[in-house]
1. Under the condition of being in a loop (DSSP other than H, G, I, E, B) and basic (Lys, Arg), which residue from region 1-38 is modelled with the highest pLDDT?
2. Tell me whether region 49-60 contains one or more residues that are surrounded by 10 or more Cβ atoms within 10 Å (Cβ to Cβ) and modelled with pLDDT of 85 or more.
Amino acid sequence: MAKPGRNDLCPCGSGRKYKKCCESKERSRASGRLMMILVGAAVLAAVLVGIASFTGERATGPTRVWSTEHGHYHDASGTAVP
Ligand SMILES: [Zn+2]
Ligand SMILES: [Zn+2]
């Protein structure tokens with residue numbers, strides 16, 4: 001069976017030229033899958049960056065917070081530090 005030419009009638013029977021019918025569908029389906037992979041990778045990267053910044057903030061965050069109200073330091077959990 002011969003491969004259909006781009007200017008031949010589409011083998012699906014739509015009556016349109018192959019390049020205007022299933023060829024573009026095939027192409028959009030392929031690029032849609034590629035977009036899904038790219039979006040998935042972007043989401044994964046964003047999640048990884050989010051986790052990294054979250055843990056980094058926790059590690060380097062202030063352990064003591066000055067309370068002007070109380071006139072002494074509080075630690076990260078809110079307990080008074082003398
Ligand atoms: Zn077709
Ligand atoms: Zn206090």
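1. 16
2. yes
The values are calculated or read from the model by the stated rules, or taken from the named source; none is laboratory data. Note that this is a predicted model, so its numbers are computed, not measured. Cβ atoms come from the backbone with ideal geometry, glycine included; neighbour counts cover every protein chain shown.
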